[in-house]
């Protein structure tokens, strides 16, 4: 009985619908590995150039005017378009720190998602660009 279940499982893996998911799964795995390696190097770089210290200091009330971090998106990937976006879907680099008033002053900036600790906004670089 066990061998028959294993055979059924293998047959199900090779079903045409499941084979269509294989490229998506491989791309997701490659993206996640690339993001992991990038984040490790970015963490070391931010420690060396002082960005990590500035990030910690943005939580202090006296630094409110420079508490919004502006990131540039290098790569974006999501396995399924219907799923909500998360920071894990992006590979980003630090651009600058800005006042939160920047979001309110610009009409083209949209709320993308909210986490337990952050609100993430999106500013498209050109009109009609959707993430």
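What follows draws every value from the coordinates through simple rules; no lab data is involved. Computed from a predicted model, the values in this text were never measured in an experiment.
Test of understanding: what is the full-extension gain from residue 21 to residue 103, defined as 0.36 nm times their sequence separation minus their Cα-Cα distance?
25.7 nm
Classify the range 2-122 from the C-alpha gyration tensor, please: rounded if a/c falls under 1.5, else prolate or oblate depending on whether a/b exceeds b/c.
In terms of gyration-tensor shape, prolate.
Taking only the C-alpha atoms, wrap a convex hull around the range 82-126 and report its volume per residue in Å³ as a whole number.
118 Å³
May I ask you to compute the full-extension gain from residue 29 to residue 47, defined as 0.36 nm times their residue separation minus their alpha-carbon distance, rounded to one decimal in nm?
Gain on stretching residue 29 to residue 47: 3.8 nm.
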